């Protein structure tokens, strides 16, 4: 009896030692990937959402311009999401709509609807690094987070804005990405991206994205109400602000067709 | 009660699909012509204004909507160019996998940039722009099935719109005035001839395919010399036609390959025509945010010299520069060479940029050269112009 008793703690000590060894054996790449998978896992199943948003574009001389738009998004299992963006401001592009089927490591499929011509134009979208609506956001910065989009490397733990964070290096898997790497700060509590640094093709720091005012939807999904992107090379910046956001609004595949693009209002 | 009203208000405000929208597009345009006109009454400059308001209302949770878009233009020189039109007055009902449209509207078919062979539903509002991109509103009933395998649409077009032509004081005209008040029709039903059209649009991997069929009044008139009192004029003759059209687009990396081909049968002609080309886009050129696009399209028309279109055996090359700045600045330059006649070429430039949220400037220019009288561009050889526009949007 005594033997067994004394054996038990020894066994669990041995077991935890084994576990520690195993954790230490997990490489930085494996840990990075595990964190990315957990991040994606926590954000599955939201189905669809509709948002009203503004982009505030600032030039180096602090001139400001506002763009307004509505965004419809459909969660696609095991692929990038589908998105329909309808522009409301500036007035000359009012009614212009943009349809995007994003893909993790393939080129996205994109169409633009020009209401004056009643014409849907396909966009050659091999290059995802082009700016979205003259902003500091590239198309690839706005598409959904998919695990296959990057290879990962856990760098360190760090405090950011009072939160315990993982710092992860992400290298884009897409060969035509505009970046060599992204450094991402994820809070350990909810696996939400808090800050991302983007490094250009010459591996110098190009942009920093920070997320602000995270709100909880459907008791599970966190969304930042403000994304702030600063370009260090041009000194321009863009804020993407969400005014309204609704989940599970009943959107389906047919709301993301060319026919739907043509009748977007 | 108060709370529930407030909740309701928040819910309604939260609906992303707008119910009622009002837009205005308007501009003041000044044209300068580089040469004296060929005909005595023509002018060297032209001031014009237009306004195009648009009213949209939807109900039934967005399943039903009406869009109304009238258009008015005043031209200081050409009374034929001073005109109005209902560009759109359309009711749309969206079903589960189908759409029904009834009213007046505009339909665009096709993929190429330099000319639109396949696109035959709407009549060209030729006094608006010589590139033929401006269209008159077409009365129609359209039913579309939207399926996984593509979209199939059928169009019934109960009323025909006549093409607009410049008056004696306008530019871009024929030596004789086009007598738009006295058109001729092949069909006894004249403007009331019921035209039919079908279109399928679908995907085959990375290729978009459009197939279309049209049976009805030809939108392109033949101009027949006639006497109107003492005056020699040209009377537009609108025959019947059957046209089958194919349009395709394939994406290969950063390049779009485009094709439009038609076969048209009229009481006078039976011919093939095609436009084929590519558009290649390079983003972030010269270490900036600029995009540069290269366009090249070949135009062929079996009718050769008899073709009423400008492209019988022609090559268009162009470049589009997109600045990706907050002003949305863009420049498009294109050059079209007649491959049968080295003297026959034309070019155009389009540039535009925002001034602020509501105002925009635009510069358009067209340049023509043709020494051969049989070339349709020969009529335009003295009509080179630059147009400055100040546009207002709301």
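The values are calculated or read from the model by the stated rules, or taken from the named source; none is laboratory data. Treat the numbers as computed from the prediction; the structure is a model and nothing was measured. In this analysis, Cβ positions are derived from the backbone assuming ideal geometry, glycine residues included, and neighbour counts consider all displayed protein chains.
Remarks
- Any chance residue A:62 is within 14 Å of another protein chain (Cβ to nearest Cβ), surrounded by 15 or more Cβ atoms within 10 Å (Cβ to Cβ) and not in a helix (DSSP H, G or I): no
- Output for the range B:174-208, where each listed residue is closer than 18 Å to residue B:261 by Cβ and surrounded by fewer than 17 Cβ atoms within 10 Å (Cβ to Cβ): B:198, B:200, B:202, B:204, B:207
- Taken as a whole, the structure leaves residue A:51 outside the set of residues that are facing another protein chain (nearest Cβ under 8 Å) and free of Cβ contacts under 8 Å to residues at least 12 places away in the same chain.
- Residues satisfying the stated conditions in the range A:22-50, i.e. surrounded by fewer than 19 Cβ atoms within 10 Å (Cβ to Cβ) and outside any helix (DSSP H, G or I): A:26, A:27, A:42, A:43, A:44, A:45, A:46, A:47
- Residue check, residue B:354 under 30 Å from residue B:23 (Cα atoms), crowded, with 20+ Cβ neighbours inside 10 Å and in contact with a strand residue (DSSP E or B) (Cβ under 8 Å, 6 or more places away or on another chain): yes
- Count of residues meeting criterion [part of a strand (DSSP E or B) and at the interface with chain A (Cβ under 9 Å from one of its Cβ atoms)] in the range B:89-100: 3
- Tally of residues being away from chain A (no Cβ under 11 Å) and either free of Cβ contacts under 8 Å to residues at least 60 places away in the same chain or surrounded by 14 or more Cβ atoms within 10 Å (Cβ to Cβ) (or both) across the range B:40-62: 15
- Which numbered condition residue B:108 misses (of (1) under 17 Å from the mean Cα position of the chain (by Cα); (2) assigned to a strand (DSSP E or B); (3) within 9 Å of chain A (Cβ to nearest Cβ)): (2)
- Among the residues examined, residue A:212 qualifies as farther than 12 Å from residue A:138 by Cβ and either within 14 Å of chain B (Cβ to nearest Cβ) or at pLDDT 95 or above (or both).
- Set A:194, A:246, A:233: member being in contact with a strand residue (DSSP E or B) (Cβ under 7 Å, 6 or more places away or on another chain), surrounded by 17 or more Cβ atoms within 10 Å (Cβ to Cβ) and at negative phi: A:194
- Test: residue in the range B:318-325 that is under 29 Å from residue B:30 (Cβ atoms), more than 14 Å from every other protein chain (Cβ to nearest Cβ) and at pLDDT 95 or above: yes
- Enumeration of residues in the range B:373-394 that are more than 14 Å from chain A (Cβ to nearest Cβ) and surrounded by fewer than 15 Cβ atoms within 10 Å (Cβ to Cβ): B:373, B:374, B:388
Yes or no, residue by residue, for (1) in contact with a strand residue (DSSP E or B) (Cβ under 6 Å, 6 or more places away or on another chain); (2) more than 10 Å from every other protein chain (Cβ to nearest Cβ); (3) under 24 Å from residue A:239 (Cβ atoms):
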{"site": "A:89", "(1), (2), (3)": "yes, no, yes"}
{"site": "A:97", "(1), (2), (3)": "yes, yes, yes"}
{"site": "A:101", "(1), (2), (3)": "yes, yes, no"}
{"site": "A:104", "(1), (2), (3)": "no, yes, no"}
{"site": "A:113", "(1), (2), (3)": "yes, yes, no"}
{"site": "A:120", "(1), (2), (3)": "yes, no, no"}
{"site": "A:124", "(1), (2), (3)": "yes, no, no"}
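Table: residues versus (1) surrounded by fewer than 21 Cβ atoms within 10 Å (Cβ to Cβ); (2) within 9 Å of chain A (Cβ to nearest Cβ); (3) not in a loop (DSSP other than H, G, I, E, B).
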residue: B:69; (1), (2), (3): no, no, yes
residue: B:112; (1), (2), (3): no, no, no
residue: B:115; (1), (2), (3): no, no, no
residue: B:143; (1), (2), (3): yes, no, yes
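- Hits in the range A:194-240 (condition: under 18 Å from residue A:155 (Cβ atoms) and touching a residue at least 60 places away in the same chain (Cβ under 8 Å)): A:209
- Of the criteria (1) within 28 Å of residue A:94 (Cβ to Cβ); (2) touching a residue at least 60 places away in the same chain (Cβ under 8 Å), which one residue B:351 fails: (2)
- Condition met for residue B:172 (within 30 Å of residue B:35 (Cα to Cα) and touching a helix residue (DSSP H, G or I) at 6+ places or on another chain (Cβ under 8 Å)): yes
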